[in-house]
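The values are calculated or read from the model by the stated rules, or taken from the named source; none is laboratory data. In this text the structure is predicted, and so the values were computed from the model without any measurement. Cβ atoms come from the backbone with ideal geometry, glycine included; neighbour counts cover every protein chain shown. Just the protein is used for accessible areas: all its heavy atoms, side chains included, with ligands, DNA and RNA removed. Shrake-Rupley method; radii C 1.70, N 1.55, O 1.52, S 1.80 Å.
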Amino acid sequence: MNQHSDQTGPAPISDGGVTPDELRRFAKQERRDLRDEAHEARHEEHEQARAARERRHEARVDTSKIVDLDAKLQDQEAHDDGPAAKHPRQERLLDAEETQEAAHIIELRDGLPTASKDPETIGLFGAHRRSFADQYHLTRRSKLKRLHQIGKIAMQFDALKGLTPVKMRLMFEALGPTFVKVGQILSMRSEILPQSFCDELSKLRADADPMPYSIVLETLESEYHRPLNEVFRTIDPTPLGSASLAQVHRATLLTGEDVAVKVQRPGVRVTMAEDVSIMRSLARGATKIMHNAQVVDFRGVVEELWDTFDEETNFLNEARNLSAFKRFCDDFAYMDCPTPYVDLCTEHVLVMEYIEGIPIAHTRELIADGYSLKEIGTKLVDNYACQILDAGFFHADPHPGNIEIRDGKIVLLDLGMTGRLNASTRAALKQMLFAVAKQDSAQLADALLRFAGTEAGHADYPSLLADLDGIIEEFGTVNLQDLDLAQFLTSLTQMARRHGIEIHSSITTVGRALVTLEGLLDKFIPDVNMIEIISEHIEHSKTKTQALKDEAGKLALEGHAALHGALKSMSEANVALHMLTRGELRTNFELVGSEEPLQQLSDMVNRLTMALIVVGLFIGSSIVYYAGMKPIIFGIPLVGFLGYVVAFVLSCWIVIDIYLKGHERRHRKHK
């Protein structure tokens, strides 16, 4: 024991142990890390204090503006929803103290300043608008932190080693609501991802872990600024559904109605803004590298993503959509949607009628209750044709979870995503679908041009028509039951982008909705053919009298335009004759399709010129060589040596240019 206690000196270092130098370096690194962490903590405290001061200042200065905004919003809701939507809450404005408290709660919860909704101001050097980063308090530190989190999740799925379709779907679900939306959009963009990935990403649903019930109650109280027992009699603590964006609970109003309360998750909008800001930076870099936005428009995808999320995160939009769709359903005895309680809806809370029906996916239960699946499918598709082609206002996400059957009616749920089409787009879409149904190649070609917004004066019109002929040959001759609508719309989109034709996002929304509806029918109601029903709807949607009136109106408009065109042509012809008699007339000609031959001729002349220069350098250098001019390098006069080098380099350049141009032409020909 004594011997052991006397051994107080340092133990010898065995092979593979830590040396004193390494220990000192490790301690030094630890001290440096501690200093860095302390510095970051102080910096973060300063940032938080500065942000708190700004929020307090903005809350004090902008209280009156918030009151005005609240009054305008209530007036707008009363105007949009009609007299039936009036409620005592519309006659009560928040006083200054309540409004300031509400603004402060919203800022703490979402990190979104109330002043971000103020209109743009005018400064000394013109208009000034708050940037996207200022609006959502995005800093470089916060974006780097989020980027680190994204990278960590990507590494967990071994993204650098490659992703299978299933792993990509699971990774998007783990990354949160932003990437769930990205996956849903990419599932319709087969020009970006292979079809197997698109099929797997189409299964993405924004399911998430339930939000704590206490947070739900706090959010409701902060939105209503009063005790919940003054609004609801009961609220079920168990959620009906929980998504990455919001959570739905069943509740009972004081008046006894059963309602579904949709509560937005706190902070989800700021997280989305951070992700979109990161994606915009990546999209700008990808665009600069690819130098071609016709095949894959990354920036367009990101902006489409933000527009969709910006609309979905404002539940007042969904309340208005429900009210508008409810009015649309009044004309159909078999269609319905939940009734919104507009006076209880806010930007982050949606209260609507609770629907207790049979999901359309439960086909056995529907049959047991005496429903006909074919009748349900036929009425659903016919009504969807009315939404898209007649009303121009349609449900943009008709997946099985959003459709239920109750009391003999088809009830559409979740109108957060809707689409709108103007009259000209609806007319082009009708013509295209009708041409597909009738297998009329000529009419289909014209419909595709109108659908894509292509003008006859397109720079590469012959090539465009050739691609359209290929689409007609592939899809215009198949039977309706064999038509792959998803592939058809994908081919149309890819063709348009190859020719630099910009397709409006509303067209993409229509395609995504139709493909989703087609997938629902194929899985649950396979006896219903969507294209046949839509084409019959188009054919019988107008009476003969209405068709004659429309045709007469169309002829009148075309005759009016033709008359003015003829008068203008006569005036221009008079000017041209006057210039011709005075010798001032000049004519410009353009040979269509001559760009490539002229470019090849220009390349030939350039190569011939370079070849003459190379020959001249070789001959001149040889003359200098035999003249023996000094100075001499490698036995050759310096001037002659430089001439040989330049001639050799130019010769190599000519050979490489000929090879590359030939390879490019062969590749373009095969493509």
- Taking amide hydrogens as modeled 1.01 Å from N in the peptide plane, which residues meet the under 5 Å criterion relative to Thr418, leaving out close sequence neighbours? Ala396
- Item | Whole-angstrom Cα spans of the range 222-376 along principal axes, big to small | 59, 49, 30
- Item | 3J(HN,Hα) from dihedral phi, the range 337-344, Karplus parametrisation 6.51/-1.76/1.60, rounded to Hz, x for glycine, proline | 8, x, 8, x, 9, 4, 5, 9
- Would you pull out the residues with amide H under 5 Å of Glu353's amide H, same chain only if 5 or more places away, H placed 1.01 Å from N? Ala260, Thr339, Tyr341
- Item | Gap separating the Cα centres of the range 618-651 and the range 327-391, nearest whole Å | 87 Å
- Pop a pseudo-label 7 angstrom from the Cα along the beta-carbon direction at both Gln29 and Asp307 and give the gap in nm to one decimal. 5.1 nm
- Message: Assuming 0.36 nm per residue, please report the length gained on full extension of the stretch Ile623 to Asp657 beyond their Cα-Cα distance.
- Response: 9.3 nm
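How much FRET efficiency would the formula 1/(1 + (r/R0)^6) give for Arg666 and Leu254, where r is the Cβ-Cβ distance and R0 is 60 Å, rounded to 0.05? Walk me through the numbers on the way to the answer.
Values: r = 77 Å, r/R0 = 1.28.
Calculated transfer efficiency: 0.20.
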- Tell me, what HN-Hα J-couplings in whole Hz come from the Karplus equation 6.51 cos²θ - 1.76 cosθ + 1.60 at θ = phi - 60° for each residue of the range 419-432, using x for Gly and Pro? x, 9, 10, 7, 5, 5, 5, 5, 5, 5, 5, 4, 4, 5
- Message: Under the rule of at least 5 residues apart or a separate chain, name every residue whose amide H is placed under 5 Å from the amide H of Leu240.
- Response: Val248, His249, Arg250
- Task: Quick one: accessible surface of Ile656, probe radius 1.4 Å, all protein chains present, in square angstrom to the nearest 10.
- Result: 100 Å²
- Karplus-derived 3J(HN,Hα), 6.51/-1.76/1.60, for each residue of the range 380-389, Hz, glycine and proline x: 5, 5, 5, 5, 5, 5, 5, 4, 7, 8
- Query: Top to bottom by accessible area (1.4 Å), largest first, where do Ser622, Ser424 land?
  - Reply: Ser424, Ser622
- Item | Links that overshoot a 29 Å alpha carbon limit, given the list Lys262/Lys430; Lys152/Lys181; Lys143/Lys181 | Lys262/Lys430
- Item | Probe 1.4 Å, all protein chains present, accessible-area order of Asp382, Asp390, largest first | Asp390, Asp382
- Message: If R₀ is 56 angstrom, what is the calculated FRET efficiency for the pair Tyr334 and Gln195, using the beta carbon separation as r and rounding to 0.05?
- Response: 0.95
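For the pair Leu228 and Tyr354, what calculated FRET efficiency results from E = 1/(1 + (r/R0)^6), where r is the Cβ-Cβ distance and R0 = 22 Å, to the nearest 0.05?
Calculated value: 0.80.
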- Query: Taking 0.36 nm per intervening residue step and subtracting the Cα-Cα distance, what contour gain separates Arg50 from Ala561 on full extension?
  - Reply: 177.7 nm
- Heavy atoms only, probe 1.4 angstrom, no DNA, RNA or ligands counted: give me Glu312, Glu40 ranked by accessible area, highest first. Glu40, Glu312
